[in-house]
1. Provide a single number: the residues in the stretch 157-174 that are surrounded by 11 or more Cβ atoms within 10 Å (Cβ to Cβ) and in contact with a strand residue (DSSP E or B) (Cβ under 9 Å, 6 or more places away or on another chain).
2. In the stretch 107-130, what residues are over 28 Å from residue 185 (Cα atoms) and surrounded by 16 or more Cβ atoms within 10 Å (Cβ to Cβ)?
3. Among residues belonging to the stretch 121-140 that are outside any helix (DSSP H, G or I) and modelled with pLDDT of 90 or more, point out the one that is farthest from residue 92 (Cα to Cα).
4. Could you tell me whether any residue of the stretch 131-153 is on the phi > 0 side of the Ramachandran plot, crowded, with 18+ Cβ neighbours inside 10 Å and more than 20 Å from the chain's Cα centre (by Cα)?
5. Is it true that some residue in the stretch 186-193 is under 19 Å from the mean Cα position of the chain (by Cα) and farther than 18 Å from residue 5 by Cα?
6. Specify which of the listed residues (73, 89) is modelled with pLDDT of 90 or more, surrounded by 12 or more Cβ atoms within 10 Å (Cβ to Cβ) and in contact with a strand residue (DSSP E or B) (Cβ under 7 Å, 6 or more places away or on another chain).
7. When residue 57 is evaluated against the numbered criteria (1) at pLDDT 90 or above; (2) part of a loop (DSSP other than H, G, I, E, B); (3) touching a helix residue (DSSP H, G or I) at 6+ places or on another chain (Cβ under 6 Å), which criterion, by number, is the only one it fails?
8. Which pairs turn up if I take residues in the stretch 185-212 that are more than 18 Å from residue 170 (Cβ to Cβ) and assigned by TED's automatic domain parsing to the domain that holds residue 141 and look for partners that are at pLDDT 90 or above and surrounded by 12 or more Cβ atoms within 10 Å (Cβ to Cβ) with beta carbon separation below 6 Å, at least 6 apart in sequence or on another chain?
């Protein structure tokens with residue numbers, strides 16, 4: 001799965017010379033927590049709601065609303081933004097984007113192509129991708145098995161289920177010590193007991209079975 005399959009295309013942006021008041025209005029109206037910053041069409045930074053708080057007058061100030069608005073009108077996005085932006089390509093794998101976000105301890109990446117901003121991908125997008133890859137929203141019969149981490153295991157399981165007319169909708173394997181944990185989701189209309197018996201007769205131990213109709 002690629003970043004381009006999960007990113008938000010053409011995100012809302014703000015010009016570097018815009019006032020903080022303009023930015024606040026954009027973030028409030030569009031319910032945004034972060035906004036990429038452009039200088040013309042060039043990506044020059046990113047600004048978040050926390051950055052706005054950092055440059056805004058303290059809530060404990062004795063200034064009037066008029067005075068606060070006046071001060072905010074004089075502060076530009078350039079004064080608040082973070083210039084060092086971590087980016088990725090739309091053709092990067094989603095797991096590589098997740099690794100970059102984890103290593104940099106950030107919750108989003110700006111997506112660029114030919115030095116032009118084309119999207120944004122967030123930790124929520126990655127969670128959704130994980131849920132879909134693991135079949136979290138999918139109705140069906142979920143078999144969880146601990147299997148030897150060796151060649152041919154998935155081929156064998158595929159052959160067993162196919163011989164029973166069982167349709168596999170999701171197939172995921174993760175390493176677990178010397179073994180591997182295998183997650184197999186089959187069509188909800190398939191005969192789950194027949195599939196279980198066929199797998200167990202071939203020596204596969206089913207550690208958990210979840211039926212979701």
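The values are calculated or read from the model by the stated rules, or taken from the named source; none is laboratory data. Here the structure is a predicted model, which is why all the values come from computation and not from measurement. No Cβ is skipped: glycine too gets one built from the backbone with ideal geometry, and neighbour counts run over all protein chains shown.
1. Total meeting the criteria: 12.
2. Result: 108, 109, 110, 111, 112, 117, 118, 119, 120.
3. The qualifying residue farthest from residue 92 (Cα to Cα) is 122.
4. Our first condition is that a residue be on the phi > 0 side of the Ramachandran plot; within the stretch 131-153, this holds for 135, 140, 152.
Pick out the ones that are also crowded, with 18+ Cβ neighbours inside 10 Å and you get 135, 140.
Applying the additional criterion that residues be more than 20 Å from the chain's Cα centre (by Cα) yields 140.
Yes, because at least one residue in the stretch 131-153 is on the phi > 0 side of the Ramachandran plot, crowded, with 18+ Cβ neighbours inside 10 Å and more than 20 Å from the chain's Cα centre (by Cα).
5. No, because not a single residue in the stretch 186-193 is under 19 Å from the mean Cα position of the chain (by Cα) and farther than 18 Å from residue 5 by Cα.
6. Only one candidate qualifies: 89.
7. Checking residue 57 against (1) at pLDDT 90 or above; (2) part of a loop (DSSP other than H, G, I, E, B); (3) touching a helix residue (DSSP H, G or I) at 6+ places or on another chain (Cβ under 6 Å), the one that fails is (1).
8. Short answer, once both residue conditions are applied: 198/160; 202/160.
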